[in-house]
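For reference, the structure is listed below as structure tokens.
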Amino acid sequence: MTKPTLVLLHAFPVNSSMYDDVRDPLGMLCNLITPDLAGFGEAGLSESEPSLDVLAGDLAALLDQHGVGRAIIGGTSMGGYVAMAFLRLHPERVAGLILADTKATADSPDARANRLAVADQVVTAGSTDALARAMLPNLLGATTQNSRPGVVDRVRGWIESAHPEAVAWAQRAMAARPDSLDDLATFEGPALVVWGSEDGITPRSEQAIMRSELVDGEFVTLNGAGHLSAIEDPNGFVAVVSPFVTRFDA
Ligand code: MLT
């Protein structure tokens with residue numbers, strides 16, 4: 001029996017290390033690919049105009065390199081936006097979808113303007129330290145902030161080590177993204193929507209919108225996790241993703 005391929009795309013402004021704690025258990029069930037998106041982690045900066053379609057194109061090229069035609073495409077937050085861009089551009093390559101702590105709606109004009117301002121600020125500052133201070137309280141749930149200091153330190157380290165140009169590029173790309181509601185509505189494969197109950201960035205209502213668009217979707221909540229559920233509650237994340245992935249074994 002061939003193992004399915006699962007791609008997990010990371011959130012902003014961290015990197016693929018956010019999946020370190022789920023890599024071994026999920027890797028036993030599937031061919032797991034957790035790339036760094038352009039400019040983050042080990043990946044070089046993109047020279048293209050900022051667009052999530054560029055990241056979706058990078059993913060298509062990566063799957064080609066691995067000899068993978070179709071895969072389960074999953075992502076957390078920004079990674080989910082990229083998964084939905086990939087679905088729009090390459091629907092025939094999407095066997096299933098995992099959308100964790102993300103949303104299918106586009107930004108409001110205010111949110112877009114804020115992203116562009118943050119992009120300019122980090123480039124001017126040449127540092128992401130202030131961004132880490134501003135984002136951490138929202139990025140991680142109260143339970144993690146109060147009882148998982150190691151997780152807080154790891155996430156702070158990833159943000160502080162992010163390249164300011166990568167942060168700016170990603171903010172501009174996210175600001176330009178369209179909504180993905182029609183893409184979800186026309187996707188007929190299985191989809192899993194995962195949400196941390198303490199997610200202060202993508203509210204439950206956004207998960208409900210995605211779930212209601214999906215033909216074959218299920219929605220699970222991880223209690224006590226925030227926006228980065230895979231690092232805040234790796235056991236819970238594995239527990240909900242594993243049965244979903246094994247549906248693709250046959
Ligand atoms: C993320 O975690 O990827 C970000 O919160 C996405 C966003 O800024 O919309």
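The values are calculated or read from the model by the stated rules, or taken from the named source; none is laboratory data. Not measured: the values here are computed from a predicted model. Positions of Cβ are generated from backbone atoms using ideal geometry, with glycine treated the same way; all protein chains shown enter the neighbour counts. For accessibility, only protein heavy atoms count, side chains too; no ligands or nucleic acids. Shrake-Rupley method; radii C 1.70, N 1.55, O 1.52, S 1.80 Å.
For the chain, what is the charge dipole size about the Cα centre, in debye to the nearest 20, if Lys and Arg each add +1 at the Cβ and Asp and Glu each add -1 at the Cβ?
It comes to approximately 240 debye.
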Between THR34, THR186, THR144, find the one with the highest GNM mean-square fluctuation for the chain; connect C-alpha pairs within less than 10 Å. THR186
Just to be sure I understand: with springs between alpha-carbon atoms less than 10 Å apart, which residue in LEU37, LEU26, LEU52 has the highest mean-square fluctuation in the Gaussian network model of the chain? LEU26
Over its alpha-carbon atoms, segment 75-147 yields an Rg and a Dmax in Å of 15.6, 43
GNM top mover of GLY80, GLY236, GLY44 - the chain, alpha-carbon springs below 10 Å: GLY44
Please work out the average accessible area per residue across segment 200-250, using the 1.4 Å probe convention, and give it in Å². 42 Å²
Taking a ≥ b ≥ c as the square roots of the eigenvalues of the Cα gyration tensor, with a/c under 1.5 meaning rounded and otherwise prolate when a/b exceeds b/c and oblate if not, segment 7-70 is oblate
Roughly how many nanometres apart are two label points built 7 Å out from the Cα toward the Cβ at THR105 and GLU47? 3.9 nm
Considering the zone a paramagnetic label at ASN146 would reach in this model (a point 7 Å from Cα along the Cα-to-Cβ line), which residues of segment 220-250 have amide N under 15 Å from it? 223-226
Taking all protein chains as present, what is the carbon and sulfur share of the accessible area of segment 100-241, in % to the nearest whole number, probe 1.4 Å? 50 percent
In whole Å, largest first, what are the principal axis extents of the Cα atoms in segment 39-161? 41, 34, 30
Quick one: Debye curve from the C-alpha atoms of the chain, no solvent, what's log10 I(q)/I(0) at q = 0.07 Å⁻¹? -0.20
First check a/c for segment 62-102, with a ≥ b ≥ c the square roots of the eigenvalues of its C-alpha gyration tensor; if it is under 1.5, answer rounded, and if not, answer prolate when a/b is larger than b/c or oblate otherwise. prolate
Low-density loop positions, GluC sites (Glu not before Pro), segment 184-236 - DSSP coil, at most 13 other Cβ in 10 Å: GLU188
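For segment 131-248, go through all pairs of different Cα atoms, get the mean of 1/r, take its inverse, and jot down that Kirkwood value in Å.
Hydrodynamic radius (Kirkwood, Cα only) of segment 131-248 equals 15.8 Å.
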Looking only at segment 200-220, which residues have a backbone nitrogen under 20 Å from a spot 7 Å from the Cα of ALA117 in the C-beta direction? 201-202
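Give me the one-decimal Kirkwood hydrodynamic radius in Å for segment 115-194, with the sum taken over alpha-carbon pairs. Spell out each step's value before the answer.
Working: mean 1/r = 0.0674 Å⁻¹.
After inverting the mean inverse Cα-Cα distance, the result is 14.8 Å.
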Suppose a student asked you for the relative contact order of the chain, using Cα pairs under 8 Å spaced at least 6 residues apart; what percent would you report? 25 percent
Based on alpha-carbon centroids, what's the gap between segment 134-157 and segment 76-103 in Å, whole number please? 25 Å
How much length is gained on full extension from THR124 to SER197, taking 0.36 nm per residue of separation minus their Cα-Cα distance? 22.8 nm
